[in-house]
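One structure below.
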Amino acid sequence: MRITGDTIIADSIGEYPETLKVYEKYDLRCPACGGSASDTIADIAWNHTVKLEDLLRDLNAVVDEVESA
């Protein structure tokens, strides 16, 4: 699975629980922001002013690491 801006956050975590460390790195585990696991990666990046390209790069690096193991 390749993670894109349209990927639902819960789907990325469900498929690759290791991606949680990336969300934590970008401080994207913020219940006060009103975001939810049903948001897309693009939604959460925009809501937190995170560069989508950077977030996708890091998420897909984790996916590549898991799939190559």
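Take the range 28-66 and flag every residue that is open to solvent by 80 Å² or more (accessible area, probe 1.4 Å), at pLDDT below 95 and either in contact with a helix residue (DSSP H, G or I) (Cβ under 9 Å, 6 or more places away or on another chain) or assigned to a helix (DSSP H, G or I) (or both).
Passing the criteria: Arg29, Pro31, Ala32, Ser38, Trp46, Asn47.
Thr4 meets all of the listed conditions (1) at pLDDT 95 or above; (2) among the β-branched types (Val, Ile, Thr); (3) open to solvent by less than 50 Å² (accessible area, probe 1.4 Å) but one, namely (3).
The values are calculated or read from the model by the stated rules, or taken from the named source; none is laboratory data. Note that the structure is a prediction, hence the values are computed from the model and not measured. Note that each Cβ is placed from the backbone with ideal geometry, even for glycine, and that neighbours are counted across all protein chains shown. What goes into the accessible areas is simple: the full protein's heavy atoms, side chains included, and nothing from ligands, DNA or RNA. Shrake-Rupley method; radii C 1.70, N 1.55, O 1.52, S 1.80 Å.
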